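Heads up: the structure comes next, in structure tokens.
The values are calculated or read from the model by the stated rules, or taken from the named source; none is laboratory data. Every value quoted in this text rests on a predicted model; they were computed, and no experiment measured them. Quick reminder, even Gly has a Cβ in these numbers, built from the backbone with ideal geometry, and neighbours come from all protein chains shown. Remember, those area values only see protein heavy atoms, side chains included, never the ligands or the DNA or RNA. Shrake-Rupley method; radii C 1.70, N 1.55, O 1.52, S 1.80 Å.
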Amino acid sequence: MKRYLPLLILLLLISGCSTLPKQKEQNLEEISTALREVVVTASERIEAGLHAQTSLITLVPPSSSPLLDQAQIPRLDEHLQLWSKQVLAAFRQATIAMPALLKPYIEAMEFDNPIATRKLSESSASEALETQFRSEIEHDTRLMLGSYLSESKGTWDLLTDRYAIWSRAKTLLGEQALPALGGDPDDYLVGLFLSTYRDQLAKEETYLRTTPVFQGTGSFYELLNQRAEP
């Protein structure tokens, strides 16, 4: 038996060495999966009322800000308030729909170096999603939010028509016309919606990744602890 002992030791060493690359590959895939899962969970945590406290001043595009200074135009403020409520209702619907919109892109995320991505920051998975699929997400969000904004568009047209009529009346009276307004506010509103949503997604990921979990629970949050090594 003793003469076979060196051979057994050699076989065990060879076997152990062959499993190391597989273990490393498995650990890297686990980290990649965890990075995807944390963004899915972060998006599902975002409250529907994320934009509820957004002010009218913020909602109106800067190019159309003269609307906010025309208190003399009959019922203009009333219609501005209505438009604001309609926009915020559309934002609420879009926020609820965002997790489903994002999920295919989250699942398609690729990480050349999952360990480096994990250590980049506490919101590195959200940042990776933005880097890899920014234009696609913006396109899909524009289509989705545009459908929800259909009601507010009618109110906006009414606002700008009243503004234009008042401006023409002033010129007929020999007074200076009102400042020109910008065009359709949709692009501005989509940008505003996405900017707020992205910031909140990063905050939710950071919260999930920095909230302590018991070691050994098997939670994917353990894998995202930057102090842990695979």
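Results, tabulated for the structure shown:
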{"read-out": "Top-ranked residue in segment 53-72 [being touching a helix residue (DSSP H, G or I) at 6+ places or on another chain (Cβ under 7 Å) and free of Cβ contacts under 8 Å to residues at least 60 places away in the same chain; ranked as farthest from Leu192 (Cα to Cα)]", "value": "Ala71"}
{"read-out": "Cross-chain or 6+ apart pairs with Cβ under 8 Å, segment 73-94 first and free of Cβ contacts under 8 Å to residues at least 12 places away in the same chain and under 12 Å from Glu151 (Cα atoms), then of a type in the set (A, V, I, L, M, F, W, C) and not in a helix (DSSP H, G or I)", "value": "none"}
{"read-out": "Residues that are more than 22 Å from Leu201 (Cα to Cα), touching a helix residue (DSSP H, G or I) at 6+ places or on another chain (Cβ under 7 Å) and assigned to a helix (DSSP H, G or I), drawn from segment 144-155", "value": "Glu151, Ser152, Thr155"}
{"read-out": "Selection within segment 102-123 - in a helix (DSSP H, G or I), among the aliphatic types (A, V, I, L, M) and open to solvent by less than 30 Å² (accessible area, probe 1.4 Å)", "value": "Leu102, Ile106"}
{"read-out": "Some residue of segment 172-180 being closer than 28 Å to Arg75 by Cα, under 16 Å from the mean Cα position of the chain (by Cα) and modelled with pLDDT of 90 or more", "value": "no"}
{"read-out": "Pair list, Cβ < 8 Å and 6+ apart or interchain, from segment 128-143 residues that are under 14 Å from Ser195 (Cβ atoms) and assigned to a helix (DSSP H, G or I) to residues that are open to solvent by 50 Å² or more (accessible area, probe 1.4 Å) and among the basic types (Lys, Arg)", "value": "Glu130/Arg198"}
{"read-out": "Yes/no for Asp77 being outside any helix (DSSP H, G or I), open to solvent by 50 Å² or more (accessible area, probe 1.4 Å), on the phi < 0 side of the Ramachandran plot and not aromatic (Phe, Trp, Tyr)", "value": "no"}
{"read-out": "Flag for Leu50 being touching a residue at least 60 places away in the same chain (Cβ under 8 Å), farther than 25 Å from Met109 by Cα and either in a helix (DSSP H, G or I) or under 27 Å from the mean Cα position of the chain (by Cα) (or both)", "value": "yes"}
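This table checks each residue for (1) open to solvent by 30 Å² or more (accessible area, probe 1.4 Å); (2) outside any helix (DSSP H, G or I).
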| site | (1), (2) |
| --- | --- |
| Asp157 | yes, no |
| Glu175 | yes, yes |
| Gly182 | no, yes |
| Leu189 | no, no |
| Phe193 | no, no |
| Thr196 | yes, no |
| Asp199 | yes, no |
| Tyr207 | yes, no |
